[in-house]
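To start, the structure itself, in structure tokens.
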Amino acid sequence: MIDLLATHFNYLAVVALLAIGLYGVTASPNLVKKIIGLNVFQVGIFLFFVTSGFVDGAAPPLLGHGSAPYASPLPHVLILTAIVVGVSLTAVALALVVRIYDAYGTLDEDAIEEVRTYD
Amino acid sequence: MTSEAIVLAAVLTFSALGAAAAILLRDVLNAIIAFAAFSFGIATVWVLLAAPDVALTEAAVGAGITTVFFLVTIAKTVRPGGERLFERIEWRSVAVVAILSGALLATVGSLPAVGAADAPVATSPVTEYYLANAYSETGVENAVTAVLAAYRGFDTFGEATVVISAGVAVLLVLRQEAYV
């Protein structure tokens, strides 16, 4: 276990971020904090990808500036795309949150459920 | 552990603590500030993992724009406060999270060590092809830009489509006169 802590620390951090994110999505009654949880979960997956392309002592993949080994550029590209898509999703989710607040006057999941059962 | 690995582990720990604070703090404004700190920590992690392009995007988009979106949202809605600083622990969620973490932790040991030179991604023919040919085929020194704009240009086109769709969706959802 101690060996794993030294050699696989990033992957343990991935598990920690996924756990924190999932806890935020499922436990928090507040819709804004659920979206924060979603973002944390997403960063956990980004960390997994970027770590997979890293080599000890690697230079950033700027060819001709630095020497081999370079970090693999492919995970970086995939994660760049994923970050932008993640922000788009966050924006849509937050717009829906604003709409829900206008309709129900609360962002508390339990309170919204209560209003819906009386309607 | 090398000194780089220790710095990386320290920044990762800081980020994870920031994420935990963002989830556990009861006041949503506090949570957003903790989330911004978490994003900056993660941007530093990308620099340490030799991914400066991802770091720039994370700092500008993750820590910058996302934080502004969250702040605008709570300005337009409510900010539930209260006497307590932290949320109560929700034990049913803890059980679900424990199952997920247990399943994931069981797989961590079979992954290659962080930074191993013989890891599958580092030795993959795709990585080797990009690093060997990106400059001669595209004339771009930054291999990330070459892959983003040339080799996987259609991916980036799809990304732009997603951004446009999201913009249209936000405008549709928030259009005032459409409210019933």
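Observations on the structure shown:
- Check on B:G115, crowded, with 20+ Cβ neighbours inside 10 Å, touching a strand residue (DSSP E or B) at 6+ places or on another chain (Cβ under 6 Å) and under 20 Å from A:P60 (Cα atoms): yes
- Candidate set from the stretch B:65-90 (those that are more than 7 Å from chain A (Cβ to nearest Cβ), at pLDDT 90 or above and touching a helix residue (DSSP H, G or I) at 6+ places or on another chain (Cβ under 9 Å)); member that is nearest to A:R99 (Cα to Cα): B:V72
- Out of B:V168, B:V126, B:V96, B:V163, sole residue that is in a helix (DSSP H, G or I), without any contact (Cβ under 8 Å) to a residue 12 or more places away in the chain, out of contact with any Pro (no Cβ under 9 Å at 6 or more places or on another chain) and within 22 Å of A:V25 (Cβ to Cβ): B:V96
- Count of residues meeting criterion [within 7 Å of another protein chain (Cβ to nearest Cβ) and either without any contact (Cβ under 8 Å) to a residue 60 or more places away in the chain or in a helix (DSSP H, G or I) (or both)] in the stretch B:137-155: 7
- Of the candidates A:P69, A:P73, the single residue that is buried (at least 17 other Cβ atoms within 10 Å of the Cβ), within 9 Å of chain B (Cβ to nearest Cβ), closer than 20 Å to B:Y135 by Cα and touching a Pro at 6+ places or on another chain (Cβ under 7 Å) is A:P73.
- Meets criteria (assigned by TED's automatic domain parsing to the domain that holds B:L12, exposed (fewer than 15 other Cβ atoms within 10 Å of the Cβ) and not small (G, A, S)) for B:L85: yes
- Residue match in the stretch A:28-40 (condition: of a type outside the set (D, E, K, R), closer than 24 Å to B:V96 by Cα and without any contact (Cβ under 8 Å) to a residue 12 or more places away in the chain): yes
- Residue check for A:I100: of a type outside the set (G, A, S), touching a residue at least 60 places away in the same chain (Cβ under 8 Å), outside any strand (DSSP E or B) and more than 7 Å from chain B (Cβ to nearest Cβ): yes
- Some residue of the stretch A:49-65 being surrounded by fewer than 24 Cβ atoms within 10 Å (Cβ to Cβ), in a helix (DSSP H, G or I), touching a Leu at 6+ places or on another chain (Cβ under 9 Å) and among the aromatic types (F, W, Y): yes
- Among residues of the stretch A:18-27 being facing chain B (nearest Cβ under 7 Å) and not aromatic (F, W, Y), the one that is surrounded by the most Cβ atoms within 10 Å (Cβ to Cβ) is A:G24.
The values are calculated or read from the model by the stated rules, or taken from the named source; none is laboratory data. Since the model is a prediction, treat every value here as computed from it, not as a measurement. Using ideal geometry, Cβ is built from the backbone for each residue, glycine included, and neighbour counts are taken over all protein chains shown.
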